[in-house]
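Some notes on the structure that comes next.
The values are calculated or read from the model by the stated rules, or taken from the named source; none is laboratory data. Remember, it's a predicted structure, so these values are computed and weren't measured experimentally. Neighbour counts run over all protein chains shown; Cβ positions are idealised from the backbone, glycine included. Each accessible area value is taken on the protein alone, full model and side chains, heavy atoms only, with ligands, DNA and RNA left out. Shrake-Rupley method; radii C 1.70, N 1.55, O 1.52, S 1.80 Å.
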Amino acid sequence: MTTSGTDTTTDGTPPITTAGAETPTISCRGVWKVFGPHPERVVGSSDAELPRAELEARTGCVAAVRDVSFDVDAGRVFVVMGLSGSGKSTLVRCLSRLIEPTAGDVLIDGEDTAHCSAQWLRDLRRDRVSMVFQHFGLLPHRRVLDNVAFGLEVQGKSKAERHARAGDMLDLVGLSGLGDSYPDELSGGMQQRVGLARALANDPEILLFDEPFSALDPLIRRDMQDEVARLQRELKKTVVFITHDLQEALKLGDEIAIMRDGRFVQVGTPEGVVAHPVDDYVRDFVRDVPREHVLTAGGIMRAPVDNEETAGTVTETTLVSDLLPIVVASDHPIAVLDGDGRVCGSVDRLIVLRALAEDD
């Protein structure tokens, strides 16, 4: 996945880095969404730098998204998190043009959605992109099976075909045998599983989640996070996930963007954001995160030393929480192995202790 930098700040005009030749599944370039009269006049203007209240007082406009750029590669999970009003939900709706961006480009597999036909957009929303909302949006008069099959019905699939597929999806999300129930007969967590099954039924390339679990009780929310993580390991969809919950972001994201006042403040891996917050705003977000459950051996290791005596090995993905008992029990460094089994660094007690210390 490539974004407007890894573990970097952005000031509204973030640099774009690219790695490899593959076209990102989702690519945003300088996306703005301004609500109000003559929104185009705000884009790129000096007024756009004003705080939200001052901008609205001066222009009558609200800049919900300000010059946001990022890429999401196939099969990766990109999480956008921020407080209410930060612009994250507006941003995700711009991806499928449920909301029209004021400026900038949104590309899906290299296709600019702003210059595509209405039919192309319909096909995109029907076949390639599915969205899961905070409010489940189930049809109360239809059975669970028919709710899951609704998108396939829109595609014109036969009743037998769509019911077979819907049944498979209910099995996949742990709702076997509930196809004949109605939504109001299910708990909130089960209804959200129906929504997830519906989103998966047409085998979309891209899944967009807009705070899907924020209305759920904490225990059910955790179960749903585990469910999404499991499904992602199995299905490898390209995902943009919106949340205001940092723990959720750390659990699900391959990469995280922290958003404030319509801009990306920091973009990076979960480990990078926790280990190296770029300002006080991000530092406040990550302050209560147990660092040992996010940081890894590969993230804190030092370069290997020739002929260094080591007392064992761990992989670079080993969590610091699992490293602790190993380094405490050893007077020698522990070798860190990369994905190919080669030594790429080492860790010791001092390195681990420093990593667990608060960031200055």
**OP:** Could you tell me whether the stretch 268-276 includes any residue that is in a strand (DSSP E or B), in contact (Cβ under 8 Å) with a residue 40 or more places away in the chain and either in contact with a Cys (Cβ under 6 Å, 6 or more places away or on another chain) or not basic (Lys, Arg) (or both)?
**Re:** yes
**OP:** Return the residue satisfying two criteria in turn: it lies in the stretch 309-328 and is part of a strand (DSSP E or B) and of a type in the set (A, V, I, L, M, F, W, C), and of such residues it is farthest from Gly272 (Cα to Cα).
**Re:** Val314
Subject >> The listed residue being among the small types (Gly, Ala, Ser), part of a helix (DSSP H, G or I) and open to solvent by less than 60 Å² (accessible area, probe 1.4 Å), out of Gly298, Gly345 >> reply: Gly298
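State all residues of the stretch 86-112 that are exposed (fewer than 15 other Cβ atoms within 10 Å of the Cβ) and part of a loop (DSSP other than H, G, I, E, B); if no residue qualifies, say none.
Initially, the stretch 86-112 is screened for residues exposed (fewer than 15 other Cβ atoms within 10 Å of the Cβ), giving 98, 100, 110-112.
Listed by number, the residues that qualify are Leu98, Glu100, Gly110.
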Original post:
In the set Leu219, Leu200, which member is over 12 Å from the mean Cα position of the chain (by Cα) and in contact (Cβ under 8 Å) with a residue 60 or more places away in the chain?
Top reply: Leu200
Original post:
Taking the stretch 26-82 as the search range and keeping residues that are of a type in the set (D, E, K, R), more than 30 Å from Thr238 (Cα to Cα) and in contact with a helix residue (DSSP H, G or I) (Cβ under 8 Å, 6 or more places away or on another chain), which one is surrounded by the fewest Cβ atoms within 10 Å (Cβ to Cβ)?
Top reply: Arg58
Subject >> Residue check, Gln232 in contact with a helix residue (DSSP H, G or I) (Cβ under 6 Å, 6 or more places away or on another chain), open to solvent by less than 60 Å² (accessible area, probe 1.4 Å), in contact (Cβ under 8 Å) with a residue 12 or more places away in the chain and not hydrophobic (A, V, I, L, M, F, W, C) >> reply: no
**OP:** Could you list all residues from the stretch 245-262 that are open to solvent by 20 Å² or more (accessible area, probe 1.4 Å) and in contact with a Ser or Thr (Cβ under 6 Å, 6 or more places away or on another chain)?
**Re:** Arg260
**OP:** Test Leu107 against the criterion of being free of Cβ contacts under 8 Å to residues at least 60 places away in the same chain, over 28 Å from Arg221 (Cα atoms) and of a type outside the set (Ser, Thr, Tyr), and give yes or no.
**Re:** no
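Just give me the residues in the stretch 178-194 being open to solvent by less than 40 Å² (accessible area, probe 1.4 Å), touching a Gly at 6+ places or on another chain (Cβ under 7 Å) and assigned to a helix (DSSP H, G or I), in sequence order.
Passing the criteria: none in range.
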**OP:** Could you list all residues from the stretch 219-246 that are farther than 17 Å from Gln134 by Cβ and part of a helix (DSSP H, G or I)?
**Re:** Leu219, Asp226, Ala229, Arg230, Leu231, Gln232, Arg233, Glu234, Leu235, Leu246
**OP:** From Asp284, Asp331, Asp288, Asp306, grab the single residue that is in a helix (DSSP H, G or I), modelled with pLDDT under 90 and surrounded by fewer than 14 Cβ atoms within 10 Å (Cβ to Cβ).
**Re:** Asp284
Original post:
Only one of (1) more than 16 Å from Arg142 (Cα to Cα); (2) open to solvent by 50 Å² or more (accessible area, probe 1.4 Å); (3) more than 21 Å from the chain's Cα centre (by Cα); (4) among the aliphatic types (A, V, I, L, M) fails for Val154. Which number is that?
Top reply: (1)
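Residue-wise test of (1) touching a Gly at 6+ places or on another chain (Cβ under 6 Å); (2) part of a strand (DSSP E or B); (3) without any contact (Cβ under 8 Å) to a residue 24 or more places away in the chain.
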{"residue": "Ala114", "(1), (2), (3)": "no, no, yes"}
{"residue": "Arg125", "(1), (2), (3)": "no, no, no"}
{"residue": "Ser130", "(1), (2), (3)": "no, yes, no"}
{"residue": "Leu145", "(1), (2), (3)": "yes, no, no"}
{"residue": "Gly156", "(1), (2), (3)": "no, no, yes"}
{"residue": "Arg165", "(1), (2), (3)": "no, no, no"}
{"residue": "Asp168", "(1), (2), (3)": "no, no, yes"}
{"residue": "Ser176", "(1), (2), (3)": "no, no, yes"}
Original post:
When you look at His135, is it open to solvent by 70 Å² or more (accessible area, probe 1.4 Å), in a loop (DSSP other than H, G, I, E, B), at pLDDT 90 or above and closer than 26 Å to Glu211 by Cα, yes or no?
Top reply: no
**OP:** Pick out the one residue from Thr243, Thr318 that is closer than 28 Å to Glu227 by Cβ and touching a residue at least 24 places away in the same chain (Cβ under 8 Å).
**Re:** Thr243
